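Below is one structure; the comments refer to it alone.
The values are calculated or read from the model by the stated rules, or taken from the named source; none is laboratory data. Quick caveat: nothing in here was measured; it's all calculated off a predicted structure. Here Cβ is always computed from backbone atoms with ideal geometry, including for glycine, and neighbour counts include all displayed protein chains. Only protein heavy atoms, including side chains, enter the accessible area calculation; ligands, DNA and RNA are left aside. Shrake-Rupley method; radii C 1.70, N 1.55, O 1.52, S 1.80 Å.
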Amino acid sequence: MFSWEFWEVEKCALIRLRGIRCSGGRSVALITKILFPVDFSPSCVAMAAYVKRAATLLGATVSLVHVVDPAGYNGLELYVRPLSEVSAEHLTIGRERLDSFLSMEFPVAHSPRILASGDAATEIARVARDGGFSLIIMPTHAGIFRRMLLGSTTAKVLNDADCPILTSRHAETIAPKPLEHREWLCAIGLSSNSERVLRFASQAAAEVHAKLSIIHAVQAGDPGLLIKIGLEEQFQSVEEQEATRRVADLQRVVGSNFPVRIAVGSVREALLEAARGKDADVLMIGRSPRSGAHGRMRDLTYAMVRDSPFPVLSI
């Protein structure tokens with residue numbers, strides 16, 4: 001575990017965002033500390049092997065966090081006992097469960113436990129920020145998560161947390177496909193945020209020796225137009241050729257040379273269709289680098305997180 005002063009946290013945050021080098025040219029690892037929020041559900045148990053694998057690949061430590069939410073207190077116990085007593089009891093129970101949860105997979109001596117109280121999403125984002133965590137891996141619930149992403153704890157963390165977040169679809173007792181660093185995808189939208197996203201994706205893939213590909217979607221004028229993916233240059237439209245040129249320019253700035261697939265159609269459907277054509281471990285997408293009146297997340301980002309066939313790393 002690291003104990004950084006404020007200026008060091010700021011410096012490392014800048015390094016993570018820009019993918020730059022320091023200490024005499026030595027590359028600084030993007031992900032060194034993983035935060036694993038748990039609620040003691042079967043989904044968390046199923047996710048444990050996935051989190052361990054990610055930590056091994058990235059050379060990162062793992063900390064577990066559990067949030068006791070006062071909104072979940074029983075009305076009857078609040079009626080017959082003071083709030084302070086009820087709160088203290090729930091925190092004691094939460095601490096006991098957290099210290100013993102997944103103790104074989106994540107021994108307490110090597111994987112610290114963090115107990116917090118309050119709104120779950122707010123506290124997870126705060127713990128990640130205050131603790132200098134570089135990645136949150138969120139267990140999600142199949143079915144319910146896909147239908148109710150908006151307003152969920154996961155959605156709020158995606159909107160509020162400063163660091164990247166890895167989410168994955170899976171069943172209650174079946175872990176997602178393990179990360180095997182075979183192939184990663186990065187969806188690029190050619191916005192002012194794209195250079196940051198591509199730099200992060202490039203360095204993260206290099207650290208785990210993954211093969212990275214870029215996908216970019218060109219919005220079709222006709223919503224009913226069939227999706228076209230990866231046409232040869234001589235068959236591309238003017239819009240596709242322009243997108244190809246701009247992606248190439250972006251790669252020159254970043255110093256990368258990854259394969260690119262241009263998809264045409266509804267942006268959401270085109271990106272998802274391009275992703276389905278790959279047997280990838282991770283789909284990387286960008287969020288706004290800062291929260292604000294409109295938050296980090298946009299409708300397209302929510303749709304990609306919700307419907308992606310692969311785990312999504314939101315940067």
note = Once Lys and Arg are counted +1 and Asp and Glu -1 for all other residues with Cβ under 12 Å from that of Leu250, the total becomes +3
query = To the nearest 10 Å², what's Glu273's accessible area with a 1.4 Å probe?
reply = 80 Å²
ask   = Among 205-214, 259-268, how do they line up from the highest to the lowest mean number of other beta-carbon atoms within 10 Å?
value = 259-268, 205-214
task = Could you state how much accessible area Thr56 has, in square angstrom rounded to the nearest 10, with a 1.4 Å probe and all protein chains kept in place?
result = 100 Å²
inquiry  = Rolling a 1.4 angstrom probe over the protein chains, ignoring ligands and nucleic acids, what is the accessible area of Phe106 in square angstrom, nearest 10?
reply    = 10 Å²
